[in-house]
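Notes for the one structure printed next.
The values are calculated or read from the model by the stated rules, or taken from the named source; none is laboratory data. For clarity, every value in this text was computed on a predicted model and none was experimentally measured. For neighbour counting, all protein chains shown are included, and Cβ atoms are generated from backbone atoms with ideal geometry for every residue, glycine included. These area figures cover heavy atoms from the full protein model, side chains too; ligands, DNA and RNA do not enter into them. Shrake-Rupley method; radii C 1.70, N 1.55, O 1.52, S 1.80 Å.
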Amino acid sequence: MSLNRVSSLETFAILHTDQRSRRSSDASTRARKLSFNPIPQEWDPIPTLDSVQAVGAFEVPKWKRMLQVTVTVIYCLFAAGVVFGYAAIKPVLKHEGAYKEVCSAQTSVSVHTCVEMHLNLMFTVAAVTTNVAALPIGAILDHYGPRVCGVLGSVFLAIGAALMAFENRVPFDGLLFGYGFLALGGPFTYISSFQLSNAFPRNSGLVLALLTGAFDASSALFLVYRIIYEKSGGAFGHRKFFLAYLVVPAVIALCQFLILPAQSYKTVGELVEEIEEPIASPSAYDQVDEETALLQEEERAHREAVIEGVQDLLGSAKADKQARREERKNEISGVWGVMHAYSAWDQIKSPWFILICLFTVIQMTRINYFVATIRPQYEAIFHSPEKAVEINNFFDIALPLGGLISIPFIGVFLDHNSTSRVLSALVTCATAIGVFGVIPTTWSAYLGICLFVLYRPFYYTAVSDYSAKVFGFRTFGTVYGTIICLSGLFNFSQSGLDYLFHETFKGNPVPVNIMLLSMGLAVGIALLVFVTTRAAAMRRKMLETEAVSAFTETRWG
């Protein structure tokens with residue numbers, strides 16, 4: 001799971017609706033009130049949590065917004081995606097005898113295979129939880145705000161750490177549920193932090209890059225712990241580590257109440273709407289008295305302060321420039337808007353959704369399966385545990401670094417290339433990774449890992465970018481959430497892949513990898529051919545429309 005990078009001109013579309021729960025300034029509501037209110041003000045209903053209002057960044061001091069971004073990036077380093085450092089903590093858990101007692105009591109498979117399958121299932125459940133949780137987290141964030149999400153995340157992280165520490169003292173699988181709660185707490189703290197990019201609209205890309213980098217780098221936490229564990233000769237066991245880790249959710253909870261905002265910051269579109277909304281002129285029938293005149297003067301003064309604050313944040317020409325930039329990016333895409341006018345159900349039934357969903361299911365399964373089994377795979381390929389440990393150690397370092405290195409270039413590539421070209425790069429990279437993964441040479445193993453750690457954030461970002469451009473923001477949450485949710489659920493197939501790897505193919509990973517490679521290539525080619533063909537048809541139709549329009553203007557002009 002990575003940052004959902006979405007870009008669309010719809011960001012600046014003003015939706016005229018009666019319900020304006022996202023508006024918090026008095027200027028937005030006072031113009032709609034009677035100059036004489038026959039109902040006492042104390043009878044006004046108290047706003048409920050279901051209508052959490054956003055706040056303009058100009059209403060919060062700059063130093064506080066900078067502090068909010070800083071502390072969020074820091075705690076995301078320790079909480080956002082720690083479960084994806086599974087490859088680093090897995091050897092520690094195996095060394096400390098995780099699941100050995102359970103596996104010694106059964107005879108269907110070897111103890112080694114049984115432990116591998118249990119630990120991999122632990123990671124699979126965590127990966128599924130991370131992806132499926134995106135749907136309810138979005139709804140909670142919309143209704144109750146980022147503070148509630150952050151507090152819930154800290155609670156889940158605390159439960160997960162406690163279960164991991166006392167896994168052998170609970171009457172159920174403490175490792176499975178503990179790791180699952182850690183996976184649930186991560187996205188609650190991470191997704192709720194996205195809105196902080198609106199705290200600095202001119203530098204929103206930098207804020208998102210910092211948050212994404214923190215998410216990718218957080219997988220290195222378990223690597224640091226494993227190094228400490230090895231240096232201490234096993235004295236600093238996983239129980240001590242996870243008891244110490246309880247400090248992290250405690251700090252996150254304190255930050256939510258002492259530093260971070262209870263409401264989300266307003267988006268650029270909402271800020272532009274706020275300064276463009278006209279002030280209602282008093283009607284000839286309105287009661288005009290001294291109090292009314294003072295209220296109108298107060299409203300004008302407030303409006304001027306709002307405009308000044310928004311312009312300080314955006315610059316006077318910021319919105320127009322951003323809109324033109326987004327329009328150019330949409331034209332480059334070649335498929336922007338193709339399904340925007342359709343309902344979510346019609347979009348989900350279309351080949352645009354079915355093909356990208358199938359491709360995402362296969363690629364996400366491949367990615368998480370590789371993370372979970374990298375060491376036993378290379379042990380089997382090279383017939384050398386020492387070589388596998390060496391490659392595994394390189395992977396543990398490269399995984400967080402790959403995200404940090406690739407983030408600045410991913411956005412540039414997506415903005416300056418068509419969707420067809422982006423999909424072509426995805427399919428090519430995925431195929432190359434699969435081929436390098438089955439070649440029994442050291443150079444191919446390291447090259448495959450380097451490609452993998454760069455491909456992972458590129459793949460996740462490209463899928464969200466495709467969804468925004470093809471399906472639009474009106475249904476983005478439903479459509480993209482469905483893609484990620486289904487992909488997460490299919491990760492349970494990893495247990496079957498584990499059985500094929502260890503039992504059916506007698507510890508040979510090549511047949512499973514070739515199977516996944518072939519499926520990904522077939523679906524990828526089908527997706528690429530479909531999108532390229534439709535993009536060409538859309539371009540041809542647009543040129544025909546422009547030609548007819550030009551001919552009509554010439555003839556009748």
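Cα gyration tensor of region 450-510, axes a ≥ b ≥ c as square roots of the eigenvalues: rounded (a/c below 1.5), prolate (a/b > b/c) or oblate?
The shape class here is oblate.
What spacing in nm lies between the two simple spin-label points modelled at residue 510 and residue 431, each 7 Å away from Cα in the Cβ direction?
If labels sit at residue 510 and residue 431, their model points lie 2.1 nm apart.
What does a probe at residue 542 reach in region 466-504, counting residues whose amide N is under 14 Å from the point 7 Å along Cα→Cβ?
Backbone N within reach: 469-470.
Give the accessible surface of region 204-266 per residue, rounded to a whole number of Å², with probe radius 1.4 Å and ligands, DNA and RNA excluded.
Averaged over the residues of region 204-266, the accessible area is 42 Å².
Describe numerically, in nm with one decimal, the distance between label points set 7 Å from Cα along Cα→Cβ at residue 495 and at residue 74.
With each label placed 7 Å out from Cα toward Cβ, I get 4.1 nm.
Going 7 Å from the Cα of residue 444 in the Cα-to-Cβ direction, what parts of region 508-539 have a backbone nitrogen less than 15 Å from that spot?
Only 509-515, 517-518 fall inside the zone, counting backbone N under 15 Å.
Once you order the gyration tensor axes a ≥ b ≥ c over the Cα atoms, which shape class does region 376-444 get: rounded for a/c under 1.5, otherwise prolate or oblate by comparing a/b with b/c?
Oblate, because a/c is 1.5 or more while a/b does not exceed b/c.
Which order do the peptides 340-348, 451-459 come out in when sorted by mean C-beta neighbours inside 10 angstrom, highest first?
Per-residue mean Cβ counts within 10 Å order the peptides as 451-459, 340-348.
So for 335, 529, 248, what's the accessible-area order with a 1.4 Å probe, most first?
So, going from the largest accessible area down, we get 529, 248, 335.
Top to bottom by accessible area (1.4 Å), largest first, where do 405, 483 land?
The ordering from most to least exposed comes out as 405, 483.
What part of the accessible area of region 336-392, given as a whole %, is carbon or sulfur when the probe is 1.4 angstrom?
Ligands and nucleic acids excluded, carbon and sulfur reach 64 percent.
Enumerate the amide H contacts of residue 55 below 5 Å, restricted to partners 5 or more residues apart or on another chain; note that Pro and chain-start residues carry no placed amide H.
264, 265, 266
Of 443, 352, which has the most accessible area with a 1.4 Å probe, and how do the rest follow in descending order?
443, 352
For region 137-241, just say rounded, prolate or oblate: build the C-alpha gyration tensor, square-root its eigenvalues into a ≥ b ≥ c, call rounded for a/c under 1.5, and beyond that prolate if a/b exceeds b/c, oblate if not.
Cα axes put region 137-241 in the oblate bin.
Here are some pairs, 90/240; 100/240; 266/349; 100/231; 90/231; which of them have Cα atoms lying more than 22 Å apart in this structure?
266/349; 100/231
I'd like the accessible area for residue 429, computed on protein heavy atoms only with a 1.4 Å probe and all protein chains in place. Round to 10 Å², please.
My reading of the accessible area for residue 429 is about 40 Å².
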